[in-house]
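Okay, so here's the structure we're looking at.
The values are calculated or read from the model by the stated rules, or taken from the named source; none is laboratory data. Small disclaimer: the values here were computed from a predicted structure and weren't measured. A quick note on method: Cβ atoms are made from the backbone with ideal geometry, for glycine too, and the neighbour counts reach across all protein chains shown. Each accessible area value is taken on the protein alone, full model and side chains, heavy atoms only, with ligands, DNA and RNA left out. Shrake-Rupley method; radii C 1.70, N 1.55, O 1.52, S 1.80 Å.
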Amino acid sequence: MKAELKGASSISFQNHTLFNTAPHSTTSSSLNGALKGCLGSLDGACIEKLLLHCASALESNDVTLAQQVMWVLNNVASPTGDTNQRLTSWFLRALISRASRICPTALSFKGSSNAIHRRLMTITELAGYVDLIPWHRFGFCASNNEIFKAILGFQRVHILDFSITHCMQWPTFIDALAKSPEGTPSLRITVPSFRPPVPPLVNVSTHEVGLRLANFAKYRDVPFEFNVIGNNLGPLLAPNNSELSNESTSFHFESLLSLLSPSVLNLRDDEALVINCQNWLRYLSDDRKGNHRGLSLRDAFLNLVKGLNPQIVVVVDEDCDLSSPSLTSRIATCFNHLWIPFDALETFLPKDSCQRTEVESDIGQKIENIIGYEGHQRIERLESGMQMCQRMKNAGYLSLPFCDETVMEVKGLLDEHASGWGMKREEGMLVLTWKGNSCVYATSWVPSETRDHHIALDAIIS
């Protein structure tokens, strides 16, 4: 984030006179303070300083100062520039979106009042999307290897899949089952009929995704069943993929808890149950004000899952804490975290790449939700890997260490990508890194009661 920004083009504003207005003397003094040390070049550190200054102004309802900082950012930001310029353009959009709700007539950013419309991907395009950088594949690879190890010896496997990537994780797992030297077990995958209203979005239904998986499993001679639960709830996406209402968020995720019962899931005694959570738990509210005996939806979900007696629970998400109520804190963390995929894309895709623009737009939607919204509308509520590990332990889970074979598989995956990608072990987690910065964590767990049972069985066998 230290690259200098030179000749930056600006984002187009509808109200140009707003940014030509001479600042008030007090505001000018504050702005000069924000720019101190940044004149001559605006690197990542200076941009971050300006963003924090703008956030502080918005938190104190100083719209005039916020406008002036945005004027400076407007002359830095460019959706077609280098890494910092492109990232800044999305942060600027998010700040203006937030400011417009504090003072609706104060400023108007071209396009900021409209929803970000996206083309729905085909399944083939989705495969290319998740292959661009190992942001998703890292979690797929680490999880699949640990799941495969946990279900050895079982003739039936049932996976409850809570993820946002439309089952892209499972073709490689089905292929691994087909090659199993101990024989091919039957596989049942159950998914909810609804998902968070976030990218990637596809042009086929969940049922169609299931049919395609079934066809692939048949081709690989793997007995397969695909179930969708909660069909009566309808999709979670709002019209035109626009922002989500408070009511629909609460309704669907509250209803999810009622589906986590052995009868609804049709659990069977002779099958290994796997719980797979990929970039999912962040969308479950952590607000403890509710009817779940003082538990948040996130904790209630983990408690219910534990009661299903799974063979393994896998949790994968981005290693970043975006749960703070402070806007300035979220901006600092978000800027330093989401710089990573922007920088990674810069290494191998040209500035005018449509594929790059589409991925950055998806990240931009995340930025706008993190910065532009509060309350139930702010659905992007990541917690760091360390925070999630503590939550799992508090809920009565024990960590399962990743085996050396899994580590080798992940290293092999990363070798297929740019040299900046790496991996580290940390407190029972596997963590994806970019230039040494933590990106995504993978963890595997088992309920403490199940772990005790496994230890007792091992002792008897030995």
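Near K393, which aspartates and glutamates are there with a Cα under 14 Å away, not counting those fewer than 8 places off in the same chain? Leaving aside aspartates and glutamates fewer than 8 places away in the same chain, those within reach of K393 are D299, E427, E449. Checking the table K351/K411; K179/K366; K411/K435 against a 27 Å threshold on Cα-Cα, which pairs fail? Flagged as over cut-off: K351/K411; K179/K366. So if I take the centroid of the Cα atoms in region 368-388 and the same for region 405-433, what is the distance between those two points in Å? The two parts, judged by their Cα centres, are 26 Å apart. Accessible area of D319 (1.4 Å probe, protein heavy atoms only, ligands and nucleic acids ignored): about 30 Å². Distance from the Cα centroid of region 167-223 to that of region 269-348 is 22 Å (rounded to whole angstrom). Could you tell me which of rounded, prolate or oblate describes region 156-200, using a ≥ b ≥ c as the square roots of the eigenvalues of the alpha-carbon gyration tensor, with rounded for a/c under 1.5 and, failing that, prolate when a/b is larger than b/c and oblate otherwise? Judged from the Cα gyration tensor, region 156-200 comes out oblate (a/c at least 1.5, b/c at or above a/b).
Taking every Cα-Cα distance in region 350-458 and sorting them into 5 Å bins from zero, the calculated P(r) comes out as 2, 10, 13, 14, 17, 16, 13, 8, 4, 2, 1, 0 percent. Report the calculated FRET efficiency for M386 and K289 (r = Cβ-Cβ distance, R0 = 35 Å), to the nearest 0.05. After rounding, the FRET efficiency stands at 0.90.
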